[in-house]
Amino acid sequence: MTRRRTHYRHAVRTGLALSLPLAALAACGGGGGGATGPAAAEAGSGKGTISVWAHQGQKSEDAAVQAAVKAFNSSQNDVKVELKLIPGNDYTKTVTATAAADLPDVLEFDGPTMANFVYNKKLAPLDAYVSGRTVANATDAIKAQGTVGDRLYGLGMYDSGLGVYGNRKLLDAAGVKYPAEPGDTWTAGEFTAALAALKARDADGRTLDISENYGLATEWGTYGFSPVVWSAGGTLTDGGKASGALDSPKVVSAMKTVQSWKPYVDPNTDGNAFAQGRVALSWVGHWQYPTYSQALGDDLVVLPLPDFGNGPKTGQGSWAWGIGAGSKNGKAAGAFLDHLLNDTNVGAMTRANGAPPATVTALAKSELYKKGGPLQLFADQLAKPCGQAPVTDTCVAVTRPVTAGYPVVTSEFSKALSAVYGGTDPKTALSKAARAIDQDFADNAGYPVE
């Protein structure tokens, strides 16, 4: 096999924190390319013991998974689940290094890794084993993340959301008008003008946090700022090619605007720039809400990202669950997933981590995300998914590219973003990234799956 190895940093997104451990995804894995069609788990008897792997996250998340397993095991006598928690920093590397035949019946995975695991024959389609009711109750956004071609491989308990948090007191003091009604948003020009107005009232002129402390040349860079690309009317890849898409004039112009914000940005090395009132605006995700709401109370406002011309956009996607292609008991695996994705378990998990529920019914019941809830904006954004179709001005939540080549896409884009932020000409940085992505895809025949 001559396929290259690719590497990327993936984000562990929860309701309270975002860590960025290094994970390596090999394009050349135990199953080889996917040109012969999807792998399929055996149905089995629907009885017996099945193995389940999950990433070890916050203690509250771990407890929610363990409680779900305990409840399932005590609810019936046909299937027994044996759960193994693997440290989050090692999880993706462990799955990557394990042959398909040695993977568990059910496994968790970070959303952007899924297509690579499908490509390497490590995941089986879910439709034969997960009930139609469970699939129908999954949000369209989470199904978009879990779909390769026309087959569903992953479903999640929770999703993610991205926006701008504002300090109402500081915004009002500077006379800055901000989106106040559902559907309102700043244009990129209005956002830049707001930064300038805030700077005039700020001692050090630093009025914006872009979560630079996470590192821009990481998965945060792609998750947090690829929405700028889509909002500008561009895309990371188009038809399997990045040249002409990632480095299009619209994207270059948008990245010049982002570059112009650097003088307004607090590096936020301590992670407290917004909570301590050093800045008025914070570009980050749903997971900071508990900290920010505690710090600001009624002065906290939740706003969409600015519109660069093709409508405001947000990232979405998070950890999901699937069935191992080597499973000999797909029926039992599906029964467990039906249980795991019910309202009780999804509600418990999302209360534990603060993330948006990834099922329709749990989302409607969520105190944070239901209509009138403090984070309704994130739910509204996820209700307008772009899926894997062209990104229009009417959709909002964009799934990161579902391709086995995603590791190189995110690596090259985030490096380009970091370079642009550091002063490199956007056209130069984006074209360099596009060439590297296109070379990798050419080396791997476009990563065919089916």
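The values are calculated or read from the model by the stated rules, or taken from the named source; none is laboratory data. This structure is a prediction, so every number in the text was calculated from the model and none was measured. Glycine gets a Cβ as well: all are built from the backbone with ideal geometry, and neighbour counts include every protein chain shown. Areas reflect the complete protein model, heavy atoms only, side chains present, ligands, DNA and RNA absent. Shrake-Rupley method; radii C 1.70, N 1.55, O 1.52, S 1.80 Å.
Quick notes on this structure:
- Using the Karplus relation 6.51 cos²θ - 1.76 cosθ + 1.60 with θ = phi - 60°, the per-residue 3J(HN,Hα) values for the range 239-249 come to x, x, 10, 9, 4, x, 10, 5, 10, 5, x Hz, with x marking Gly and Pro.
- If you wrap the tightest convex hull around every Cα atom of the chain and split its volume per residue, you get 120 Å³.
- Accessible area per residue for the chain is 37 Å², calculated with a 1.4 Å probe on protein heavy atoms, without ligands, DNA or RNA.
- Residue among LEU337, LEU171, LEU123 with the largest mean-square fluctuation in a Gaussian network model of the chain, springs linking Cα atoms under 10 Å: LEU171
- Estimated from the Cβ-Cβ distance and a Förster radius of 60 angstrom, the FRET efficiency linking GLN76 and LYS177 is about 0.60.
- Pairs of Cα atoms nearer than 8 Å and 6+ residues apart set the relative contact order; for the chain it is 29 percent.
- Ranked by the mean number of other Cβ atoms within 10 Å of their residues, highest first, the peptides 429-438, 71-80, 358-367 come out as 429-438, 358-367, 71-80.
- Descending semi-axes in Å of the range 216-273, equivalent ellipsoid built from Cα gyration tensor: 25, 14, 8
- Here the accessible area is traced with a 1.4 Å probe on the protein chains. For the range 360-433, carbon and sulfur cover 58 percent of it.
- Between ALA193 and ALA383, the FRET efficiency from the beta-carbon distance, with R0 = 22 Å, is close to 0.15.
- Entries of LYS143/LYS365; LYS93/LYS262; LYS250/LYS415 with Cα pairs more than 28 Å apart: LYS93/LYS262
- Table column - 3J(HN,Hα) (Hz), the range 408-417, Karplus curve with 6.51, -1.76, 1.60, x for Gly and Pro: 6, 4, 5, 4, 6, 5, 5, 5, 5, 4
- Mean shadow area of the range 403-450, taken as a quarter of the surface of its Cα convex hull (nm²): 3.0
- Accessible surface of the range 238-359 [probe 1.4 Å, protein heavy atoms]: carbon and sulfur percent: 47
- Computing FRET efficiency as 1/(1 + (r/R0)^6) for THR49 and VAL360, where r is the C-beta to C-beta distance and R0 is 25 Å, gives about 0.20.
- Projecting the Cα atoms of TRP230, ALA188, ALA217 onto the dipole axis of the range 168-249, where Lys and Arg carry +1 and Asp and Glu carry -1 at the beta carbon, places ALA188 farthest toward the positive end.
- Carbon + sulfur, % of accessible area of the range 130-234 - ligands and nucleic acids excluded, 1.4 Å: 49
- Relative to the longest principal axis of the Cα atoms of the chain, helix 59-75 runs at roughly 30 degrees.
- Each Cα pair under 8 Å and six or more residues apart adds its sequence gap; the mean of these over the residue count of the range 75-164 is a relative contact order of 23 percent.
- Reachable aspartates and glutamates, given that their alpha-carbon falls under 13 Å from the alpha-carbon of LYS432 and they are not under 8 places away in the same chain: ASP247, GLU412, ASP440
- Each Cα pair under 8 Å and six or more residues apart adds its sequence gap; the mean of these over the residue count of the range 235-365 is a relative contact order of 13 percent.
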